[in-house]
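This report concerns only the one structure given below.
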Amino acid sequence: MPIIKSAKKRVKQARKATIRNAKTKRSLRESIKSFIKNPTADSHSNAQSNLDKAAKKGLVHKNKVARKKRQLAATAKASGATPVKKATTKTVAKKAPAKATAKSVAKTATKKAPAKKPTAKK
């Protein structure tokens with residue numbers, strides 16, 4: 001058992017993290033198994049979501065997550081359970097390029113070119 005206060009705190013934090021990581025991994029395994037047992041669009045999106053969460057938390061490597069998602073998509077396609085694409089709520093409207101007005105054109109036209117410094121003589 002650690003004696004130093006900061007080491008005691010790290011033990012507590014590690015214990016909490018271990019429990020949290022175990023829950024995430026367990027839900028990941030359960031969702032993948034349920035998808036394999038009954039491939040539906042809903043279970044496919046749930047499995048992909050859990051994979052993304054595990055990758056975000058650093059429990060599973062991002063390349064492994066990409067590989068698993070590809071395998072799940074192939075299984076879904078083979079079984080005919082194609083995933084339903086959800087509408088994203090975060091739509092960012094792109095601004096149209098600003099039209100050149102007479103004032104802005106006049107401003108840019110009247111600017112002087114920066115003066116060049118004279119070269120030093122040798």
Quick check on the range 27-56: of everything there that is more than 21 Å from the chain's Cα centre (by Cα) and part of a helix (DSSP H, G or I), which residue is surrounded by the most Cβ atoms within 10 Å (Cβ to Cβ)? 35
Got a sec? Which of 9, 23, 64 is within 27 Å of residue 81 (Cβ to Cβ), without any contact (Cβ under 8 Å) to a residue 12 or more places away in the chain and surrounded by 11 or more Cβ atoms within 10 Å (Cβ to Cβ)? 64
Here is a list of conditions, (1) loosely packed, with under 12 Cβ neighbours inside 10 Å; (2) assigned to a helix (DSSP H, G or I), and residue 72 meets all of them except one; can you say which number that is? (1)
Expected output for the range 35-61 (first residue at positive phi and at pLDDT below 95, partner of a type in the set (Val, Ile, Thr) and in a loop (DSSP other than H, G, I, E, B), Cβ below 9 Å, 6+ apart or cross-chain) is none
Scanning the range 22-45 residue by residue, those within 30 Å of residue 1 (Cα to Cα), of a type outside the set (Lys, Arg) and in contact with a helix residue (DSSP H, G or I) (Cβ under 9 Å, 6 or more places away or on another chain) turn out to be 24
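The values are calculated or read from the model by the stated rules, or taken from the named source; none is laboratory data. Quick caveat: nothing in here was measured; it's all calculated off a predicted structure. Cβ sites come from the backbone with ideal geometry, for glycine too, and all protein chains shown count toward neighbours.
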